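What follows is one structure encoded as structure tokens, with my remarks underneath.
The values are calculated or read from the model by the stated rules, or taken from the named source; none is laboratory data. These numbers come from a predicted model, not from an experiment. Positions of Cβ are backbone-derived with ideal geometry, glycine not excepted, and every protein chain shown enters the neighbour counts. Calculation scope for accessible area: heavy atoms of the full protein, side chains included, ligands and nucleic acids excluded. Shrake-Rupley method; radii C 1.70, N 1.55, O 1.52, S 1.80 Å.
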Amino acid sequence: MKQTPKEEQAESHDLNLSRIVEPLLSWYDGNARILPWRELPTPYRVWISEIMLQQTRVEAVKPYFERFVSALPGVAELAGVSDDLLMKLWEGLGYYSRARNLKKAAGLLMERFEGKLPASYDALLTLPGIGPYTAGAVASIAYGLPVPAVDGNVLRVVSRLLASEADITRPIVKRTFEKALARILPPARPGDFNQALMELGATVCLPNGVALCGRCPVRAFCEGLRQGRAMELPVKAKKKARREEERTVLLLLCKGRAAVRQREDKGLLAGLWELPNVEGRLAEIEVEERLYAWGMPPVRIEPLTDAKHIFSHIEWHMTGFVAYVERESDVNGLCWVTREELTGEIALPSAFKAYTRELLDRLPQ
């Protein structure tokens, strides 16, 4: 029976990709980075690491991972942790919904799965914060199940190997690559193979035109390299430009305590603590007027250096002021905390990192 074009394309993918399995695993055996979650790949540790690694560099994750699993060594501890401690452990990692979803998922694991991550790809997908990639990573690495784990690194590697013109931002393209990889997964080492592909993308098949093709263990099978087009790939639709916002951040100090407040439970940085701030770029006189209106007459106001923070879809351009005020006020939900509380209990997002340092420098030890 004659093959359909789709069947021929799938067979071509299999032929091209199947040749990489042995050399890639051999390379991984000798070149895999030593990472804390790889040394003891329990389902819990794999899960925590994969969630932390979303949108975050490996080197940045390492100390957070060690601190997190030390404080919360298992599902039961994670399910029972207070929101304040959870946010403190996550402070600075960004994308805080990841931490909230971890706690929600841990609660469901206690209710439905006896406190253990299920050894099932489909069951893992039912947990908050776990999508196809994370489910595939946990299932393959922790349980040895033959399931692909396709992240941005893997999409880039496969696009170059196949010289694919498909737009990797489209879900259908990701599903196509997942199916192609599922057909060549080595039954005895699916987790190692998935990690080897990720490792190749993270350390050799780099983005933005700097791929180290001379070091690639599968360069002999790379159609993109053969065609001289590897650096042009993968094809990705352009992202929408980030919206820019001007904000004025206020460091309010009174008798050795500083003002913070909690954001609403929805939207950007939902539910997190923050330094008081207002929309727009205020001048010093406008800050003074604001403080009088809030019932906090200023003793002294000092301008601070501007700062910038980039979220996935918004860019904050911030100007800052430190204001010593005569009395505390709870206007706009302000709470007044000591240095000890600020460093030990209150988690402030990295968006305010520059100003948090300024604040700590001005609070008594």
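For Phe221, the accessible area of its heavy atoms, probed at 1.4 Å with every protein chain present, is near 60 square angstrom. Around Pro148, with a cut-off of 12 angstrom between Cβ atoms, what is the net charge of the other residues, counting Lys and Arg +1 and Asp and Glu -1? My count for the surroundings of Pro148 gives +2. The length gained on full extension between Asp122 and Glu284, counted as 0.36 nm times the residue separation minus their Cα-Cα distance, comes to 52.7 nm. A straight chain from Ala32 to Ala76 at 0.36 nm per residue would run longer than the Cα-Cα distance by 12.7 nm.
For Glu244 and Asp84, calculate 0.36 nm times their separation in residues minus their Cα-Cα distance, and state this gained length in nm to one decimal. The partial results should precede the final answer.
Numbers: separation 160, 0.36 × 160 = 57.60 nm, distance 2.97 nm.
Full-extension gain reported as 54.6 nm.
Pairs of Cα atoms nearer than 8 Å and 6+ residues apart set the relative contact order; for the chain it is 16 percent. Extending 7 Å from Cα along the Cβ direction at Lys353 and again at Arg229 yields two label points whose distance is 3.9 nm.
Candidate values (i) 1.24; (ii) 0.99; (iii) 1.19 were compared with Cα Rg over 2.2 N^0.38 Å computed on the shown model; the agreeing label is (iii).
Annotation: amide H-H contacts under 5 Å for Leu93 (H modelled 1.01 Å from N, sequence separation of 5 or more, or interchain): none. Measuring nothing but protein heavy atoms, the accessible surface of the chain at 1.4 Å probe radius is 51 percent carbon and sulfur.
Computed per residue of the chain from DSSP H runs no shorter than four, each worth -39500 (n - 2.57), the mean residue ellipticity at 222 nm is -12500 deg cm²/dmol.
To the nearest 0.05, what FRET efficiency results for Ala293 and Ala220 with a Förster distance of 56 Å applied to their C-beta separation?
Details: r = 71 Å, r/R0 = 1.26.
Efficiency, rounded to the nearest 0.05: 0.20.
Between Arg19 and Leu212, the C-beta separation translates, for a Förster distance of 25 Å, into a calculated FRET efficiency of about 0.80. Distance between the C-alpha centres of segment 241-257 and segment 131-206: 41 Å, rounded to the whole angstrom. Restricting the GluC sites (Glu not before Pro) of segment 258-332 to loop positions (DSSP other than H, G, I, E, B) with no more than 13 neighbouring Cβ atoms within 10 Å leaves Glu264, Glu326.
Once backbone amide H atoms are built at 1.01 Å from N, Ala32 has no partners under 5 Å, excluding neighbours fewer than 5 places away on the same chain. Projecting the Cα atoms of Trp90, Thr56, Leu363 onto the dipole axis of the chain, where Lys and Arg carry +1 and Asp and Glu carry -1 at the beta carbon, places Thr56 farthest toward the positive end.
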